[in-house]
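So the structure is just underneath, and the comments pick up after that.
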Amino acid sequence: MTVEWDGGGLDVVGIGNAIVDVLSHSDEAFLASHGLNKGTMTLIDTDRAEALYAAMGPGVEVSGGSAANTMAALASLGGAGGFIGKVRDDQLGGIFAHDMRAGGTVFRAAPASEGPPTARCLIFVTPDAQRTMATFLGVSVQFAPADLDLELVKAGKVTYLEGYLWDAEPAKKAFLEAAKAAHTAGRKVALSLSDPFCVERHRGAFRQLIEGHVDILFANEAEIVSLYQTDSFDAALQRARGHCEVVALTRSENGSIILQGEEVHVVDAITLGEVVDTTGAGDAYAAGFLYGYTRGHGLHDCGRLGSLCAGEAISHMGPRPERPLKRLAAEKLGL
């Protein structure tokens, strides 16, 4: 279902790391022996990437990247999306570009002909379905304002920014330029905080970004507590209220809470069988929420769509949908 953009309007345009994931089953002893913090994402260099790849068990390769996963799920829902990210002219770069386009997402970036290779993320899934990630960002760290596709940004009802990309200085400038272009065009800007360690690295900058440029914020419990340095989720929730138009806070099996002004929506989690792998659950939630948001649904239904997409994501290995989400939403939610 490869799409060619005709210049028309899009629902969401995601900006993030263009990564190919390598997923493998693992155990806690392996994580401990390699100094990996369970359930988090650790940035690694080339040497460590090669050592971990050699040590890990049989793996499955699939295109990933947080915002890219969100766009893949949005396309599965029937949404019109675009993605902006940086790849090299290598094998993994070709795989990533093919997977995005074949899945129905507009991806117009020309591959870089020099610099580090395409990014890859080694994902170790333990028996409790938790995922621990070791990420080599490769050429993604060179993402800069020159790599922005501002035509796509202006075409999207929402520009969705991936917090992970904030680790590189040029990307910060690109985020701010994209947010300005989106708002100038009368569009909305959304941000995912991505990971509690990412929040710790950039807490002050994230707060400034949220208060000055973000309309819709996505975070989980650990991320929002870290952002506002509170002792409890409830205290962090109160701090988050009012800093941007909409705040969607995910709570794993406890569903999500959505805030807008004085409104509070409590949304249940949706499970579709056994939990196999939590990789991409938050990405999928954002896809469902933003699909509902850009299609004019109320916030509670946006949360239900998010929960359904997250439920599908955790029912199998890998972050991309294995069932058509549009059909699933019609069957399970009537949406």
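The values are calculated or read from the model by the stated rules, or taken from the named source; none is laboratory data. Being a predicted model, the structure only gives us computed values, none of them experimental. Methodologically, a virtual Cβ is constructed for each residue, glycine included, from the backbone with ideal geometry; neighbour enumeration extends over all protein chains shown.
Worth pointing out:
- Only helices (runs of 4 or more DSSP H) whose full extent lies in segment 1-77 are considered here, and the ones with at least 1 residues that are more than 26 Å from Leu148 (Cβ to Cβ), touching a Leu at 6+ places or on another chain (Cβ under 9 Å) and in contact (Cβ under 8 Å) with a residue 40 or more places away in the chain are 28-33, 46-55.
- Only residues that are touching a helix residue (DSSP H, G or I) at 6+ places or on another chain (Cβ under 8 Å) and surrounded by 22 or more Cβ atoms within 10 Å (Cβ to Cβ) were counted across segment 146-157, and they come to 2.
- Some residue of segment 274-296 being more than 18 Å from the chain's Cα centre (by Cα), buried (at least 16 other Cβ atoms within 10 Å of the Cβ) and modelled with pLDDT under 95: yes
- Output for segment 220-262, where each listed residue is acidic (Asp, Glu) and either assigned to a strand (DSSP E or B) or surrounded by fewer than 21 Cβ atoms within 10 Å (Cβ to Cβ) (or both): Glu221, Asp231, Asp234, Glu245, Glu253, Glu262
- Tally of residues being farther than 16 Å from Leu137 by Cα and of a type outside the set (A, V, I, L, M) across segment 96-116: 9
- Filtering segment 163-179 to residues that are within 25 Å of Gly288 (Cβ to Cβ) and modelled with pLDDT under 95 leaves Gly163, Tyr164, Leu165, Trp166, Phe175.
- Test for Leu209: is it under 22 Å from Cys121 (Cβ atoms), within 19 Å of the chain's Cα centre (by Cα) and surrounded by 15 or more Cβ atoms within 10 Å (Cβ to Cβ): no
- Checked against (1) touching a helix residue (DSSP H, G or I) at 6+ places or on another chain (Cβ under 8 Å); (2) crowded, with 17+ Cβ neighbours inside 10 Å, Asp215 meets all criteria but (1).
- Residue in segment 310-327 that is small (Gly, Ala, Ser), under 16 Å from Ala248 (Cα atoms), in contact with a Ser or Thr (Cβ under 6 Å, 6 or more places away or on another chain) and surrounded by 17 or more Cβ atoms within 10 Å (Cβ to Cβ) present: no
- Just one of the numbered conditions (1) closer than 15 Å to Asp21 by Cβ; (2) of a type outside the set (Gly, Ala, Ser); (3) not in a helix (DSSP H, G or I) is not true of Arg108: (1).
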